[in-house]
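Chemist: Got a structure here, written out as structure tokens. Questions coming.
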Amino acid sequence: MLAFIVRRLLWMALVLFAISVLVFLIFFATPGVDPARQMAGRNPSAETIKSIKHEFGLDRSLPVRYGLMMKHMFITRDLISYGSHTRVIPEITSAAPVTLSLVFGAAIIWIVFSILFGVAAAVLRGTVFDPLLMILALIGISIPVFWLGEVVNLITQSRLHDSFLFSWVPPLGYTPLTQDPFMWFKQLIFPWLTLSVLYIGFYARVLRANLIETESEDYIRTARAKGLSERRVLFRHTLRTSMITFVSLFGLDFAVLVGGGALLTEVVFGLPGVGLLTFNSLTALDLPVIMTTVIYAAFFITLASALVDLVYAWLDPRVRLA
Amino acid sequence: MAVFEPEAEGIVFDAEETGGDIVGRSPWALAGRRLVRNKLALAALALFVLIVAVSFAAPLYSNYVADTDPFASNISGTVTLNGKTEPVLQQGGGKLGLGETPIGPTWHSKYFLGADNQGRDVAARVLYGGRASLEIGIGSALLASAIALVFALVAGFFGGWTDAIISRVMDLIWAFPLYLLAISLATVLLTAPNGLKIGFIHLSAGSLWVPLLIIGLVYVPYIYRPIRGQVLSLREKEFVEAGIAQGASNFRLIFNEVLPNVASTVIVLMPLMIATTILTESALSYLSIGVQPPQASWGTIIEDGQSLLYTRPWVAIAPGIMIVLTVLALNVLGDGLRDALDPRSKVRVKG
Amino acid sequence: MAEPLLEVRDLKVSFRTEDGIVRAVDGISFTLDEGEVLGIVGESGSGKSVTMMTVMRLITDPNVIYQGSIIYKGRDLMGLSRDAMREVRGEEIAMIFQDPMTSLNPVYTVGWQIEEQLNEHNDLKKGQARRRAMELLAQVGIPKPEQRIDDYPHQFSGGMRQRVMIALALSCNPDLLIADEPTTALDVTIQAQILELIKNLKREFGSAVVLITHDLGVVADVADRILVMYAGRIVEEGNKEQIFYDPQHPYTWGLLGSIARLDRPRARRLTAIAGQPPSLINRPQGCSFRTRCPQAFDRCRAEDPQLTAKVGDGHLDACHLSVEDKRERRDKTINPELAETA
């Protein structure tokens, strides 16, 4: 196990390094692109460009430039948005709770419903419910989340807002949990549902496929031969082994969402999280912010994927003890 | 953004099983028979073909039916309906009686779905947008598959260091969150004032090739993985070993023996892949880092429609419905293809 | 004679498939007495595993069709409710499978898996189950059971895993143990050990055993009585001596010929049966074996031979040849030595 952890952490360090180099190359070494101009935002003054050139050592060699970028990003943490003239990193940390609220809630919904649908479809194989659930799941993964969000807004904020159904729905926005938990919940419930639709569809399909595959394993036959009840076979044997894939996928998707993958949902529902921050800097072409969110998110996701592998090893003794 | 996980959904083919003979019929013939029997998949294929045909007929629609230029603004234009002439942009249609509101769906040949806030015909734009979305979706899926195929063949066939290096690099790109990679590439390419020059290739920032290339590149590792696995297992097969023993060149073996055998995997992945790339394109365009004006795609039209959502919802709804239909059709088709070629479904329910 | 432990009467098992109905088991009947060891021999696809899986009611394929009855201790297992059948499975009838590599759940320790079965069928206190599991592991010859009980299946070798499977099967003292090709996936030396173990445990626990195999050599030493199956039917049934020293059906001759015999001249050490088993969807008219049978004659094409006692003394076979004909042809064409030994 120890060797496994060490190996995994070394790989993680390598990935982190590679990602930072890749981001650096994309932002600072794309042929035909002047990074100083790009960093400076729209209509920059000559001084701004000059100071950027100096700060990022744009007249110096590539390794030095890489070092300077990493220094600004992680040591001095003094990157400045040339659009809003604020420090980038505190902005990101203050946006993080919004994103976390959104992703946590959605994750709970999608875990519960995807397990429910996946297990139901697998158990009801041979009846009409299985294909029906799977078509629903397929529709779920075919809807662009930002469009679904717009439709939800159209219904709950406008068309049916005055009916008894949705009159309780507050205007778009975010209220911190600590300030008004009830409001927090009311403003987040539709974003949660919207964001989870895709994942419910995807996870239900994966889980069903896994359950059916596991069902044909010899050890499931052994479990039946032992005289166990169908319920016990399903929950302690089939589902338990199928959950290995489920859990590892979940870890990664969760990390990607926290790292800014909930961008589209945040934009549609006007939730001021990391994603909306990225989006606003995209429309303003505010490169320091984009670069920082990308690097921070990538680091977070890499860290999470290492964690997922450790959990995976814990769930599957074949990996753990290999 | 949709996560494309062929391995998670079990679309990994074992060369031995797909190559197996089933009661004297070739696996391809059997797969074809199954696909034909799968009415749902056929309907999906028909729907997809219909959407492609209609989208590519966009110029015909705007010239002969709507009689409008969907890319030129028409702020002061008028439209005649049932003998009455109305302005395309109406004053004070908003909640507070302020501002301008474009005309809503007329359900007639002109402004069938209404206008956007530039006074442009939404129906015609949705068709043109569909053309761009489909071009980018299909193009980037083909690009990603082609690159992945070349690397997978080289890595899987030569093994050793070649394989180790290529696979590690793919793993690294895989570890990079897909949409972050796309966002980074897109921002840099789109902010370059003179476009991108690599050798003799010159891309202007507004070109459809930019999103196509970005999306195509970021999906390479997702296709590379399953194909490489299959090439590796094929390499161990008797017919390839026999080829090596007979002194066939690597090149010939790859083209004559291995390539036809990985074809089924690529074919099955293709509809699912296009579904994913279309969704990705729409997301990037919605975030204004995909297709650039004056070009339109389904994603950009949804973005245009966002400000009109509560007054003229059709502007945003219509392209979304097109995306859902297209992606759903592709997903159903992909599922059907996989079932048809899936060796595990040898014994299946009759009727 | 006392009532048999198990009686299978005219059992038919078919599967609906895309290509038609596959008749995997096509009307077989046999009995098994308490404490008896029955060997069922046949090629893969002969229906031997499907038969015993049906006895356990372990076939989950929704496209299966059954006919016939399976009387166990006076009860028809086919008519039992699911819950009643669960009581039988594991507690009264236990099963060992072919591949020990995949028959144990990889995510649980072997101790957990044995304890699970003990707890399912007995009312045990905490710790009791674990102690019993450890005893069982010791009984099947696993060294240091107190340590290995917490190991996972993949930490055991194939032979050791099959021992664990046997411990699992014997945990509730079943009256009937079904061993489905228990040694096929193992090395030859391990095979002998596992067979020896089954033999000894059978004596110790007093269970009846059904040993399914494609290898007549495996049952030679262990079985009291042998059924030879071909294409879903029994083609010959008899005790060990009858099958080995006076085989009646040409298919049995073939099986005997395919046991490697080092006591023979090199050229005749191993003979294979030519051809493929028939399709179970469109069974050829007449005898199923005639397409591969060197002895086939006109009647074999026209008429399906029935399983009858031609030799007498509980020795049954399904072949149109007369006993004299068979003995003569057998001795001449297949195994000249058999004439001397018989």
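Chemist: Just to be sure I understand, how many residues within region A:53-69 are more than 31 Å from the chain's Cα centre (by Cα) and open to solvent by less than 50 Å² (accessible area, probe 1.4 Å)?
Modeler: Of the residues in region A:53-69, 2 are more than 31 Å from the chain's Cα centre (by Cα) and open to solvent by less than 50 Å² (accessible area, probe 1.4 Å).
Chemist: Against the definition (open to solvent by 10 Å² or more (accessible area, probe 1.4 Å), out of contact with any Gly (no Cβ under 7 Å at 6 or more places or on another chain) and on the phi > 0 side of the Ramachandran plot), how does C:Gly79 come out, yes or no? Quick ask: steps written out before the conclusion?
Modeler: Working: open to solvent by 10 Å² or more (accessible area, probe 1.4 Å): yes; out of contact with any Gly (no Cβ under 7 Å at 6 or more places or on another chain): yes; on the phi > 0 side of the Ramachandran plot: no.
So C:Gly79 fails the test.
Chemist: Which residue, of A:Thr241, A:Thr245, is within 14 Å of chain C (Cβ to nearest Cβ), under 19 Å from the mean Cα position of the chain (by Cα), open to solvent by 10 Å² or more (accessible area, probe 1.4 Å) and modelled with pLDDT under 90?
Modeler: A:Thr245
Chemist: Let me ask you something else. Please find, within region B:182-195, the residue that is most open to solvent (accessible area, probe 1.4 Å) out of those that are more than 7 Å from chain A (Cβ to nearest Cβ) and at pLDDT below 80.
Modeler: Looking at the filtered set, the residue picked out is B:Pro193.
Chemist: Still on this model: Report the residue count in region B:100-125 for those that are small (Gly, Ala, Ser) and either assigned to a loop (DSSP other than H, G, I, E, B) or without any contact (Cβ under 8 Å) to a residue 12 or more places away in the chain (or both).
Modeler: Adding up the residues that qualify gives 4.
Chemist: Here are the criteria: (1) at the interface with another protein chain (Cβ under 7 Å from one of its Cβ atoms); (2) at pLDDT 90 or above. Tell me which single one A:Glu213 does not satisfy.
Modeler: (2)
Chemist: Same structure again: Quick one: is C:Glu3 away from chain A (no Cβ under 11 Å), open to solvent by 40 Å² or more (accessible area, probe 1.4 Å), at pLDDT below 90 and under 20 Å from the mean Cα position of the chain (by Cα)?
Modeler: The answer is no for C:Glu3.
Chemist: Taking region B:106-155 only, how many residues are touching a Gly at 6+ places or on another chain (Cβ under 6 Å), open to solvent by less than 20 Å² (accessible area, probe 1.4 Å) and over 27 Å from B:Thr85 (Cα atoms)?
Modeler: The number of residues fulfilling the criteria is 2.
Chemist: Moving on. Among the residues of region A:227-247, is there at least one that is within 30 Å of C:Ser171 (Cβ to Cβ) and in contact with a Cys (Cβ under 9 Å, 6 or more places away or on another chain)?
Modeler: Yes, there is a match, as at least one residue in region A:227-247 is within 30 Å of C:Ser171 (Cβ to Cβ) and in contact with a Cys (Cβ under 9 Å, 6 or more places away or on another chain).
Chemist: Now for a separate question. B:Asp339 versus (1) open to solvent by 10 Å² or more (accessible area, probe 1.4 Å); (2) facing chain A (nearest Cβ under 10 Å); (3) touching a helix residue (DSSP H, G or I) at 6+ places or on another chain (Cβ under 7 Å): which is the lone unmet condition?
Modeler: Going through (1) open to solvent by 10 Å² or more (accessible area, probe 1.4 Å); (2) facing chain A (nearest Cβ under 10 Å); (3) touching a helix residue (DSSP H, G or I) at 6+ places or on another chain (Cβ under 7 Å) one by one, B:Asp339 breaks only (2).
Chemist: I need every pair where a residue in region C:102-124 that is open to solvent by 50 Å² or more (accessible area, probe 1.4 Å) has its Cβ under 8 Å from the Cβ of a residue that is among the acidic types (Asp, Glu), sequence separation at least 6 or different chains.
Modeler: Once the first residue is open to solvent by 50 Å² or more (accessible area, probe 1.4 Å) and sits in region C:102-124, no partner that is among the acidic types (Asp, Glu) comes close enough.
Chemist: Same structure again: Which of the residues spanning region C:108-150 are modelled with pLDDT of 90 or more and farther than 18 Å from C:Ala169 by Cβ?
Modeler: C:Gln128, C:Arg130, C:Arg131, C:Pro143, C:Lys144, C:Glu146, C:Gln147, C:Asp150
Chemist: Quick check on B:Ser288: is it more than 30 Å from B:Trp107 (Cβ to Cβ) and either of a type outside the set (Lys, Arg) or surrounded by fewer than 18 Cβ atoms within 10 Å (Cβ to Cβ) (or both)?
Modeler: Against the criterion (more than 30 Å from B:Trp107 (Cβ to Cβ) and either of a type outside the set (Lys, Arg) or surrounded by fewer than 18 Cβ atoms within 10 Å (Cβ to Cβ) (or both)), B:Ser288 qualifies.
Chemist: Is it true that A:Phe17 is aromatic (Phe, Trp, Tyr), open to solvent by 60 Å² or more (accessible area, probe 1.4 Å) and within 13 Å of A:Met291 (Cβ to Cβ)?
Modeler: So A:Phe17 does not fit the description; no.
Chemist: Where residues in region B:34-92 are free of Cβ contacts under 8 Å to residues at least 40 places away in the same chain and at positive phi, which of them is surrounded by the fewest Cβ atoms within 10 Å (Cβ to Cβ)?
Modeler: Looking at the filtered set, the residue picked out is B:Gly83.
Chemist: Output the residues belonging to region A:75-89 that are under 25 Å from the mean Cα position of the chain (by Cα) and open to solvent by less than 70 Å² (accessible area, probe 1.4 Å). Steps first, answer last, please.
Modeler: Taking region A:75-89 first, the residues under 25 Å from the mean Cα position of the chain (by Cα) are A:77, A:79, A:81, A:87-89.
Correct list: A:Leu79, A:Ser81, A:Val88, A:Ile89.
Chemist: Still on this structure, I have one more. Tell me the residue from A:Val233, A:Val206 that is under 15 Å from C:Glu120 (Cβ atoms), more than 8 Å from chain C (Cβ to nearest Cβ) and open to solvent by less than 10 Å² (accessible area, probe 1.4 Å), please.
Modeler: A:Val233
Chemist: Which one is nearest to the other protein chains (Cβ to nearest Cβ) among residues in region C:54-79 that are of a type in the set (A, V, I, L, M) and without any contact (Cβ under 8 Å) to a residue 24 or more places away in the chain?
Modeler: By that ranking, first place goes to C:Leu77.
Chemist: While we're here: Can you pull out every residue in region C:92-136 that is hydroxyl-bearing (Ser, Thr, Tyr) and either under 30 Å from C:Glu34 (Cβ atoms) or more than 7 Å from chain A (Cβ to nearest Cβ) (or both)? Can you show your working first?
Modeler: From region C:92-136, those hydroxyl-bearing (Ser, Thr, Tyr) are C:102-103, C:108-109; that's our starting set.
Matches in region C:92-136: C:Ser103, C:Tyr108, C:Thr109.
Chemist: To continue, here is another question. Would you confirm whether any residue within region B:204-213 is modelled with pLDDT under 75 and within 14 Å of chain A (Cβ to nearest Cβ)?
Modeler: Yes: region B:204-213 contains one or more residues that are modelled with pLDDT under 75 and within 14 Å of chain A (Cβ to nearest Cβ).
Chemist: Out of region C:15-35, which residues are within 14 Å of chain B (Cβ to nearest Cβ) and touching an Asp or Glu at 6+ places or on another chain (Cβ under 8 Å)?
Modeler: The one that is within 14 Å of chain B (Cβ to nearest Cβ) and touching an Asp or Glu at 6+ places or on another chain (Cβ under 8 Å): C:Phe15.
Chemist: Now, a different point. Output the residue which, of all residues in region B:318-327 that are more than 16 Å from B:Leu272 (Cβ to Cβ) and surrounded by 19 or more Cβ atoms within 10 Å (Cβ to Cβ), is nearest to the other protein chains (Cβ to nearest Cβ).
Modeler: The residue in question is B:Gly320.
Chemist: State whether the residues of region A:162-181 include one that is outside any loop (DSSP other than H, G, I, E, B), out of contact with any helix residue (DSSP H, G or I) (no Cβ under 9 Å at 6 or more places or on another chain) and open to solvent by 30 Å² or more (accessible area, probe 1.4 Å).
Modeler: yes
Chemist: Out of (1) in a loop (DSSP other than H, G, I, E, B); (2) crowded, with 20+ Cβ neighbours inside 10 Å, what's the single condition that is false for C:Glu34?
Modeler: Answer for C:Glu34: the failing condition is (2).
Chemist: Answer with yes or no whether A:Ala255 is within 11 Å of chain C (Cβ to nearest Cβ) and open to solvent by less than 40 Å² (accessible area, probe 1.4 Å).
Modeler: Criteria not met by A:Ala255.
Chemist: Further question on the same structure: From the residues in region A:280-292 that are open to solvent by 10 Å² or more (accessible area, probe 1.4 Å) and polar (S, T, N, Q), which one is farthest from B:Leu189 (Cα to Cα)?
Modeler: Step by step, filter region A:280-292, then rank; the result is A:Asn280.
Chemist: Something else about it: All but one of (1) at positive phi; (2) open to solvent by less than 30 Å² (accessible area, probe 1.4 Å) hold for A:Ala36; which doesn't?
Modeler: (1)
Chemist: List the number of the failed condition for A:Val112; all other conditions in (1) within 21 Å of A:Met243 (Cα to Cα); (2) in contact (Cβ under 8 Å) with a residue 24 or more places away in the chain hold.
Modeler: Of the numbered conditions (1) within 21 Å of A:Met243 (Cα to Cα); (2) in contact (Cβ under 8 Å) with a residue 24 or more places away in the chain, the odd one out for A:Val112 is (2).
The values are calculated or read from the model by the stated rules, or taken from the named source; none is laboratory data. For clarity, every value in this text was computed on a predicted model and none was experimentally measured. Using ideal geometry, Cβ is built from the backbone for each residue, glycine included, and neighbour counts are taken over all protein chains shown. Note: accessible area is taken over every heavy atom of the protein model, side chains too, but ligands, DNA and RNA are not part of it. Shrake-Rupley method; radii C 1.70, N 1.55, O 1.52, S 1.80 Å.
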